[in-house]
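Novice: Below is one structure. I have some questions about it.
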Amino acid sequence: MPEPDVTEIAPDLYRISVFVPEINLQFNHFVRIRWISFSHTESDECGSLPEWLQAAPSATPVCSQIGALVNRDFVSTVREARGMADGETLETGKYRFRFLRTAQLPHGWDAGVLYEETEQTLLCSDLFHQNGPCEPITESDVVERARNSLREYEAGVLADYVPYSPRTDQAMQRLAELNPRTLAIMHGSTYVGDGERALHELNGVLRDIFGEA
């Protein structure tokens, strides 16, 4: 099993990263063990949720209302999940997380993201997906990396990574309006910089690759 790499990407927010060379991909998790959140129900997002909840007996799972409802047999197996409504906030003492429902973005009916308002950190899930072993934090362009990774996937079994529709554009515009200064990305480097611009540029990439011809 590869050794995890732990990096503090913002005050008190830790990135736990494992690189799996067999599939040329990093898996990044951003955790505080009072709450365990995930964007959507997928093996790499929350497959080990029961084990985490057993290891952290005071932790509560957090997901979208849709996730808590339609995936109840999984997300609430150990402990009742907190299903969050669009715009609802979760306060952890020092930090305040706002939930934004993003159904089908990056994928999954239950999809959503958390935005930490105090430090302006957007937990991006699979947005800005970057293949390969990437540095923990970068101020360089991550959009081209994401474009290249999605193009690679289009050539194989992992094609059609993100469904693109007018609602996708609306959701991406809404995320950009948050103007985050840190993009906590699940696969690849965390980006620190102009998050608004990066999200607008990624929206263009998604439209180019997955939108209608």
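Every number here is computed from the coordinates shown, using simple stated rules; none is lab data. Everything numeric in this text was worked out from a predicted model, so none of it was measured. Cβ coordinates were reconstructed from backbone atoms using ideal geometry, including for glycine residues, and neighbour counts include every protein chain displayed.
Novice: Mind jotting down the distance between the C-alpha centroids of the range 147-179 and the range 26-47, whole Å?
Specialist: So the two Cα centres are separated by 20 Å.
Novice: Using Cβ counts within 10 Å as a stand-in for footprinting exposure, how do ARG96, ARG147 rank, fewest first? It would help to have the intermediate numbers written out before the result.
Specialist: Numbers: ARG96 14, ARG147 20.
Neighbour counts put them in this order, fewest first: ARG96, ARG147.
Novice: Principal axis lengths of the range 48-95 from Cα atoms, whole Å, largest first?
Specialist: Extents along the principal axes, in whole Å: 27, 27, 14.
Novice: For a quick size check, give me the Cα extents of the range 5-210 along its three principal axes, largest first, whole Å.
Specialist: 42, 37, 34
Novice: Using alpha-carbon pairs under 8 Å, 6+ residues apart, how would you state the relative contact order of the chain in percent?
Specialist: Over the chain, the number comes to 17 percent.
Novice: Distance in nm between label sites at THR89 and ARG174, each 7 Å beyond Cα in the beta-carbon direction?
Specialist: 1.8
Novice: So if R0 is 22 Å, what FRET efficiency would GLU139 and GLU119 give, r being the distance between their Cβ atoms, rounded to the nearest 0.05?
Specialist: Computed FRET efficiency for GLU139 and GLU119 comes out at 0.85.
Novice: Let me ask another. Kindly state, to the nearest 0.05, the FRET efficiency for GLN54 paired with GLU3, given R0 = 30 Å and r defined as their beta-carbon distance.
Specialist: After rounding, the FRET efficiency stands at 0.85.
Novice: Extension gain VAL78-TYR161, at 0.36 nm per residue separation less the Cα-Cα distance, in nm?
Specialist: 26.9 nm
Novice: Under a 5 Å amide H to amide H cut-off, with H placed in plane at 1.01 Å, what residues pair with SER37 once short-range neighbours are removed?
Specialist: The answer is VAL62.
Novice: Report the GluC sites (Glu not before Pro) located in the range 91-194 that are in a DSSP loop and have at most 12 other Cβ atoms inside 10 Å of their Cβ, or state none.
Specialist: For GluC sites (Glu not before Pro) across the range 91-194 that sit outside H, G, I, E and B with at most 12 neighbouring Cβ atoms in 10 Å, the list reads GLU139.
Novice: Pulled fully out, how much extra length does the chain show between ARG151 and VAL20, if you take 0.36 nm times their separation in residues and subtract their Cα-Cα distance?
Specialist: On the way: separation 131, 0.36 × 131 = 47.16 nm, distance 1.99 nm.
Value of the extension gain: 45.2 nm.
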